[in-house]
Amino acid sequence: QLVESGGGFVQPGGSLSLSCAISGPIFSSESMGWFRQAPGKEREFLASINWGLGTPNVRDSVKGRFTISRDNAKNTVLLQMNSLKPEDTAIYYCAYSHYATATKDSRYAYWGQGTQVTVSS
């Protein structure tokens, strides 16, 4: 089970930190990812992290603004979002993959329920 938290309302230029708590084991050969889906748009990959190595993979369009990290002790994956823009408004999902790294949503086996992020003045 994956449970996201940390979404909310923020003004442009602001920051939010999303957290995803993972219940159950996750192995070093596996990975966690963050996706988002805006109204009327397809779900898109944002970032993933290999659980064992901590190696991140961040989508180019958000690189420099979004950072993915993990806390092995707490079995939690984080997404730090800075310099937020109105176009970042979406439902944000964390997901679990049995692959060491993955950008396609078809390679993610489990999904959280999503958390709403709204960026508006």
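The values are calculated or read from the model by the stated rules, or taken from the named source; none is laboratory data. Worth saying up front: this structure is predicted, and the values here are computed from it rather than measured. Note: ideal-geometry Cβ built from the backbone for every residue, glycine included; neighbour counts use all protein chains shown. Areas reflect the complete protein model, heavy atoms only, side chains present, ligands, DNA and RNA absent. Shrake-Rupley method; radii C 1.70, N 1.55, O 1.52, S 1.80 Å.
Quick notes on this structure:
- Residue that is most open to solvent (accessible area, probe 1.4 Å) [pool: residues in the range 75-103 that are in a loop (DSSP other than H, G, I, E, B) and among the hydrophobic types (A, V, I, L, M, F, W, C)]: A100
- For the range 29-45, the tally of residues that are out of contact with any Lys or Arg (no Cβ under 7 Å at 6 or more places or on another chain), of a type outside the set (K, R) and either assigned to a loop (DSSP other than H, G, I, E, B) or surrounded by fewer than 18 Cβ atoms within 10 Å (Cβ to Cβ) (or both) stands at 6.
- Filter pass, S48 being assigned to a loop (DSSP other than H, G, I, E, B) and within 21 Å of Y99 (Cα to Cα): no
- The range 46-66: number of residues that are open to solvent by less than 20 Å² (accessible area, probe 1.4 Å) and either in contact with a helix residue (DSSP H, G or I) (Cβ under 9 Å, 6 or more places away or on another chain) or under 17 Å from Q116 (Cα atoms) (or both): 4
- Scanning the range 9-28 for residues that are of a type outside the set (A, V, I, L, M), at pLDDT 95 or above and surrounded by 12 or more Cβ atoms within 10 Å (Cβ to Cβ) returns F9, P12, G14, S17, S19, C20.
- Scanning the range 59-74 for residues that are part of a helix (DSSP H, G or I) and under 13 Å from the mean Cα position of the chain (by Cα) yields one hit, V62.
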